[in-house]
Amino acid sequence: MDANNNSASKMLEENPVERLAAFKKFTVSHPKLLETDAALERVIREPGGSRIIFVIGPSGVGKTTLFKRISTRLATRYKDPDDPGQIPVVAVEAPAASSGQFSWRHFYVECLRELRDPITLRNCARLDLFGDPVPAKERRSEFELRFAVETALKHRKTKIVLIDEAHHISIVASGRRMKDQTEFLKSTGNMTDVTYVLFGTYDLLQLCNLNGQLANRSTLIHFPRYDARNEEDIEAFQNILLTFQANLPIEVERDLEVDWESLYIRSIGCVGACKLLLNKAVAAALEESAKVLTLDHIEHVAHSLRQCEQQAKDALHGEMRFVETDEQLESLRNLLGLTGYQDSSKNESRKNGAKKNAKPGQRKPTRDKVGRPA
């Protein structure tokens, strides 16, 4: 019996509540997660001038798992044992927008909480750390909060700020405000030598290419789902299901590989979404005291097919924005004035007799389609 089966056997000895809690905590280090983690690690180690790193993927792909994973690792790596006051890594979640606009004030307060700055917090929030109301006249303005965050980042010698659900930042009331959304991150990064890592859905792409300066100081990392058009992705997804299967807190093990297509459709190939679906299905089975997890349990708690269809459309649309085509390349070459340069080179080659006859069956030197992440 392997380690996973031993763990599953011990889990079955617990009561249903504890069994469900243990399964919820269980995560899988799958290929797409590891590849994205490695890409992010490379950029953090050698940012090449980037102050903002965008990690972008569909909802439910596993960005929050990666967020937690790397925040723990970086905090250990950058911690100075001789400086107890240092906070090398700050990990926050961007608050959801209220009144149709992202609240920087709320975001600054969350940063100050992570930076453990109770004195500033006492005068900036509606409630202090003990839940007591703060008089309005004592509350700090948004500008003062921003200055407090910048000061705290310097004082705590912070190196990395990780922001989960960062696509909330793109929610603004006007197009003009959109251009201002990343100014704090860019300017604070320059002033404090802090690198920002933003985890979000494809909506975050709205912030990536607002202007050339931001594009030059940022890096995009794509965290893709498993694509059913790729045989290797299908095999990897099925292997992930087998790992989940070995850790199900149910008496009779269900062959999830048989149901892989149903699970794929209901999660659109996103491991995080698939795990959340299994969490709900296991909860339903345990509530019934069922000895086996059935497909009915899974489909009963899954998103509707209409919801899954919309999620798939959003994911496909976002994925297309990471594909580079010959048409885009040619458009950029024209913009940079390289088309004429290419033509003159060909003419010069002809004059010098550089043109050679191709052998029968030999391909002409044309450019293939490209499709790598930006």
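The values are calculated or read from the model by the stated rules, or taken from the named source; none is laboratory data. If you're wondering where the values come from, they're calculated on a predicted model, not measured in any experiment. We place every Cβ from the backbone using ideal geometry, glycine too, and count neighbours over all the protein chains shown. Note: accessible area is taken over every heavy atom of the protein model, side chains too, but ligands, DNA and RNA are not part of it. Shrake-Rupley method; radii C 1.70, N 1.55, O 1.52, S 1.80 Å.
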Segment His317-Glu231, extension gain: residue separation times 0.36 nm, minus the distance between their alpha carbons:
28.8 nm
Using a Förster distance of 30 angstrom, determine the FRET efficiency expected from the C-beta separation of Glu287 and Asp255, and round it to 0.05.
0.85
Once the piece of chain linking Asp80 and Val17 is laid out straight, how much longer is it, given 0.36 nm per residue of separation minus the C-alpha distance between them?
18.7 nm
At a Förster radius of 51 Å, what calculated FRET efficiency corresponds to the Cβ-Cβ distance of Phe143 and Ala246, to the nearest 0.05?
0.40
Could you sort out which of Lys79/Lys275; Lys24/Lys291; Lys68/Lys154 sit more than 21 Å apart by Cα distance in this structure?
Lys79/Lys275; Lys68/Lys154
Could you put Val271, Val301, Val258 in order of accessible surface area, largest first, with the 1.4 Å probe and the full protein assembly present?
Val258, Val301, Val271
Find the centroid of the Cα atoms in segment 59-97 and in segment 236-261, then give the distance between the two in whole Å.
31 Å
